[in-house]
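Down below is the structure, laid out as structure tokens.
Please treat every number below as a calculation from the coordinates, not as lab data. What you see is a predicted model, and the numbers here were worked out from it, not measured in a lab. All Cβ positions, glycine included, derive from the backbone under ideal geometry; neighbour counts span all protein chains shown.
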């Protein structure tokens, strides 16, 4: 396996981040409907470990474009977790599997985000304060997590084979 990042790798990383950001802007009118999950899964399946470089670049770009706040801290562990999980299952070639996977990830998104609020709440109230901050925050957003779940499921189910086939023909891992 190649150990250095080549000029081509840098260009491909830039393209992947640009695709994710363009899709994010294009779907910004639809709350909790996003293609970031889809693209990170597809890129991980196609490019394997190289995607580990995309995530920090994506997170830095997000911070530069939208500022840094609690959501940005959440991205520091949520997107790497997604890529790690996708990497573990990268050999599975099933639209239904990946649709369920992406849906579950969308459903769990709020729970994963609440971890940040747990630590914020712990600052003033210990473990109980952390729970009293994180749990209500998570519960109040469950309906949006359901939207996120459904969006991820449908988008993955519809786009998996068409985009996957294009990537197999035109992209080398």
* Return a whole-number percent for the relative contact order of the stretch 7-170, with Cα pairs under 8 Å and 6 or more residues apart as the contact set. => 26 percent
* **Mean Cα-pair separation over length for the stretch 1-99, i.e. relative contact order, pairs under 8 Å, 6 or more apart, %** => 27 percent
* Structure fact -> Listing 153, 131 by rising number of other beta-carbon atoms within 10 angstrom, fewest first, gives 131, 153
* Structure fact -> Here the gain from full extension of residue 53 to residue 28, 0.36 nm per residue of separation minus their alpha-carbon distance, amounts to 6.5 nm
* Residue exposure sequence - 118, 135, 38 - by fewest surrounding Cβ within 10 Å -> 135, 118, 38
* Asked: With axes computed from alpha carbons, what is the tilt in degrees of helix 95-140 against the longest principal axis of the chain, rounded to the nearest 10 within 0 to 90?
  -> 30 degrees
* Assuming R0 = 45 Å, can you tell me the calculated FRET efficiency for the pair residue 169 and residue 135, based on Cβ-Cβ distance, to the nearest 0.05? => 0.45
* Structure fact -> Calculated from DSSP helices alone, with each H run of at least 4 adding -39500 (n - 2.57) and the total divided by the residues of the chain, [θ]222 nm to the nearest 500 comes to -29000 deg cm²/dmol
* Under a plain spin-label model, where a point goes 7 Å from the Cα along Cα-to-Cβ, how far apart in nm are residue 111 and residue 154? -> 2.4 nm
* Once both axes come from the Cα atoms, what is the angle between helix 142-170 and the longest principal axis of the chain, in degrees from 0 to 90, rounded to 10? -> 10 degrees
* Structure fact -> Here the tail fraction of P(r) beyond 12 Å, over all Cα-Cα pairs of the stretch 116-158, rounds in percent to 62 percent
* Structure fact -> The extension gain from residue 142 to residue 7, computed as 0.36 nm times the residue separation minus the Cα-Cα distance, is 44.3 nm
* In degrees, nearest ten, helix 36-47 long axis to first principal axis of the chain (Cα) -> 40 degrees
* Structure fact -> Footprinting proxy, 28, 114: sorted fewest to most Cβ within 10 Å, the residues are 28, 114
* PRE reach from residue 21 (point 7 Å along Cα→Cβ): which of the stretch 59-75 fall under 16 Å by backbone N? -> 59-68
* To do: In nm, give the distance between the simple-model label positions of residue 61 and residue 120, each being 7 Å from the Cα along the Cα-to-Cβ direction.
  => 2.6 nm
* Rounded to two decimals, what is Rg over Rh for the chain when you use alpha-carbon atoms and the Kirkwood radius? -> 0.99
* Asked: Separation of the stretch 88-106 and the stretch 5-80 by C-alpha centroid, Å?
  -> 18 Å
